[in-house]
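For reference, the structure discussed in these notes is given below.
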Amino acid sequence: MSIRAIHHAGSHDLLVDLDSLDAVLALNAALEASPLEGQRDLLAAAQTVLLKFSNAEQAQRARTLLPTLAFGTAAETIGKVVDVPVHYDGEDLAAVAELTGLSIDAVITAHSTQAWRAVFGGFAPGFAYLLGQNQQLNVPRRETPRTKVPAGAVALAGEYSAVYPRQSPGGWQLIGHTDMQMWDLERENPALIRPQDTVKFTPAMQKIAVRETPASAPAQPAADGSSALRIIDSGLQSLLQDAGRIGYGNLGVGVAGAADPAAFHQANRLVGNPVNHAVIENLGSRITLEAEQDQVLAHTGAEADLWITPAADDEVRTERQVAGNTPFALLHGERLTVTSGGRGLRSYLAVRGQIGLEPVLGSLSTDTLSGVGPAPLASGDVLPVQRPRIGHIVGNSLPSTLPVPDAQGVYTLRVLAGPRADWFGPAGLAQLTGQVWEATSESNRVGVRLGTGAQPLQRIRAGELASEGVARGSLQVPPSGLPVLFLADHPVTGGYPVIATVIAEDLSAAAQLPPGSSIRFLLHPAAGQPAAEA
């Protein structure tokens, strides 16, 4: 067993190619037991291990060290047997029958009469890649992934089967659905199926009602009557976001966190908080909130108009306007109203102190793809605010962090050659960087879909890519040839090749580009570095 190649998968991430699934499991076990310097997370997949580091220097040192590691073989463990009843009514059932040359009944029989081993997790919390005992149902992914696959969908792709834990995008072939709940934070072990478990699918005889479990309870006021922010109008989308969840990749839990790290950090600095404290991320710059006790706030990110309305019983003060990118006071009973004022897509509101809610898996971030974290803020929610520690100083006004387009209105994002750039060759990279792409309306915190007038990218390599870990900033290319730029809530694994990755320094700019934005990709000087051969 050995490492075949090591690829850069972003500014701080490495994708390690191995020669077998056993080698993947062995390296994953070794790195879980003895992490490398700066290792923040790792994710095992079919033929690869994705490693995340704190900075580029640590990633480069790991790239040199990895080929020298002796990682032996992974110890075999035996999990539990999980019976999953399936309603075989999937939209792609007939297509799977045609692809395999089997009848629909034979597809159902082949799926339900073999045992499936959970070899690794990924894509989303509770999503387990299940390896069958034979190759009868080995089918390719759909040419164009669906934007919405329902929770409980039972699917096939390559030599794997899986159950989608919740509604999410996906490109697997759907053959049915189950009423069982794959992921539940109220269970001791949230994932119903974990690596090394054995899954047996059986045709369902009747439907079982399954309750919906929220990711967490709605925000509630502090019990001790301390200061708080009350949400009067939550706008289009208001979420709590912090630095995200670290170390849960092998459970299929992504990092999430603020989509625009630069604006997020700046908001906290302005109010004198540690830069990783939770803030309110607002889409479209429209939100109204009220202070309970005096507060200090700051607004960063998208341009907006900020107006403060005095408390109803205040006969002295009048409505006043405050500036963005500078701290300001919001006194007891006053209301802050934010309305869109120009450039940018996402804004950030930080409050001096700490939002006093219970973290979910160590973070207050809301992951819109997986559903992990606090529910989106709603009108009437109250956010308790804990007072800051002594010595935290409010900052001075700072310039905007928003990206600026060129004279033609085009935004430039710098990229590194991706781990699967060889699927497109030099001509593919030249095509990616040689034309202007447009962000489509099918964009959100998961990613930005590109297209509208650009020529699709063409693969020079046929076949299916085994599912593997993907990094934030990845430009993943489905068979349609139109890339998707992954943002904060991207799936932890993907099955389409990544031609390039946006460098860490430009991820904030990518998160601020609304639908219709024109984007040009520029190959970074460090790009094109060949993979390290073992």
For the pair ARG117/ASP22, report the inter-label distance in nm, with labels modelled 7 Å from Cα in the Cβ direction.
1.0
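Protein chains only, probe 1.4 Å: how do ASP406, ASP489 rank by accessible area, largest first? It would help to have the intermediate numbers written out before the result.
Values: ASP406 60, ASP489 0 Å².
If we order ASP406, ASP489 from most to least accessible, we get ASP406, ASP489.
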Accessible surface of SER480 in the full protein assembly, 1.4 angstrom probe, to the nearest 10 Å²?
50
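On a 1.4 Å probe surface of the protein chains, which of ILE460, ILE390, ILE287 comes out largest in accessible area, and what is the full order?
The most accessible residue leads, giving ILE390, ILE460, ILE287.
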Excluding ligands, DNA and RNA, what is the solvent-accessible area per residue of the chain at a probe of 1.4 Å, expressed in Å²?
42
Summing +1 per Lys or Arg and -1 per Asp or Glu among the other residues with Cβ less than 11 Å from GLY171's Cβ gives 0
Which of the GluC sites (Glu not before Pro) found in the stretch 280-320 are loop residues per DSSP with 11 or fewer other Cβ atoms within 10 Å of their Cβ?
GLU315, GLU319
Calculate the length of the line joining the C-alpha centroid of the stretch 219-291 to that of the stretch 169-195, in whole Å.
28
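Going by a ≥ b ≥ c, the root eigenvalues of the Cα gyration tensor, does the stretch 6-140 fall in the rounded group (a/c under 1.5), the prolate group (a/b larger than b/c) or the oblate group?
Values: a/c = 2.72, a/b = 2.21, b/c = 1.23.
Prolate, since a/c reaches 1.5 and a/b exceeds b/c.
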If you scale each eigenvalue of the Cα gyration tensor by 5 and take the root, what three semi-axes come out for the stretch 342-415, rounded to whole angstrom and sorted largest first?
30, 21, 13
Excluding same-chain residues fewer than 8 positions from LYS200, which lysines have a Cα within less than 17 Å of its Cα?
LYS80
Probe 1.4 Å, all chains present, heavy atoms only: HIS332 accessible area in Å², nearest 10, is 110
Calculate the FRET efficiency for GLU143 and THR109 from the Cβ-Cβ distance with a Förster distance of 25 Å, rounded to the nearest 0.05.
0.40
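What full-extension length gain, to one decimal in nm, is calculated for LEU331 and GLU91 as 0.36 nm per residue of separation minus the Cα-Cα distance? It would help to have the intermediate numbers written out before the result.
Details: separation 240, 0.36 × 240 = 86.40 nm, distance 5.55 nm.
Once the chain is fully extended between LEU331 and GLU91, it gains 80.9 nm.
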For Rg and Dmax of the Cα atoms in Å, several values are listed as [x] 25.9, 79; [y] 24.1, 80; [z] 34.0, 106; flag the one computed from this structure.
[y]
Note: the stretch 399-534 at 4 °C, 1.567 mPa s; Kirkwood Rh on alpha carbon pairs; Stokes-Einstein D in µm²/s works out to 86
Using a basic spin-label model with each label point 7 Å from the Cα along Cα→Cβ, how many nm lie between GLU186 and SER397?
5.1
Net charge of neighbours whose Cβ lies under 11 Å from the Cβ of THR309, counting Lys and Arg as +1 and Asp and Glu as -1:
-1
Do the sum for the chain: with -39,500 (n - 2.57) for every DSSP H run of n ≥ 4, divided by all residues, what is the mean residue ellipticity at 222 nm, to the nearest 500 deg cm²/dmol?
-3500 deg cm²/dmol
Can you give the direction-averaged projected area of the convex hull of the alpha-carbon atoms in the stretch 376-477, in nm²?
12.4
Distant-in-sequence amide H partners of ALA128 (H built 1.01 Å from N, under 5 Å):
VAL163
Would you check the accessible area of GLU358, probe 1.4 Å, heavy atoms only, in square angstrom rounded to 10?
150
Unit charges on C-beta of K, R, D, E only; dipole of the stretch 234-336, Debye
440
Quick one: grab the alpha carbon gyration tensor of the stretch 432-486, order the square roots of its eigenvalues as a ≥ b ≥ c, and give me rounded if a/c is under 1.5, else prolate or oblate depending on whether a/b is larger than b/c.
oblate
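Calculate, for ALA462 and TRP307, the FRET efficiency according to 1/(1 + (r/R0)^6) with r their C-beta to C-beta distance and R0 51 Å; round to the nearest 0.05.
Details: r = 58 Å, r/R0 = 1.14.
With a Förster radius of 51 Å, E is 0.30.
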Please give me the summed charge of the neighbours of GLY516: other residues whose Cβ is under 14 Å from its Cβ, Lys and Arg +1, Asp and Glu -1.
0
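First measure r as the distance between the Cβ atoms of SER34 and ALA5, then evaluate 1/(1 + (r/R0)^6) with R0 = 35 Å and state the FRET efficiency to the nearest 0.05. Don't jump to the answer; show the numbers that get you there.
On the way: r = 22 Å, r/R0 = 0.63.
The formula returns an efficiency of 0.95 here.
The values are calculated or read from the model by the stated rules, or taken from the named source; none is laboratory data. Here the structure is a predicted model, which is why all the values come from computation and not from measurement. Positions of Cβ are generated from backbone atoms using ideal geometry, with glycine treated the same way; all protein chains shown enter the neighbour counts. For the accessible areas, the whole protein counts, side chains as well, though only heavy atoms, and no ligand, DNA or RNA atoms are used. Shrake-Rupley method; radii C 1.70, N 1.55, O 1.52, S 1.80 Å.
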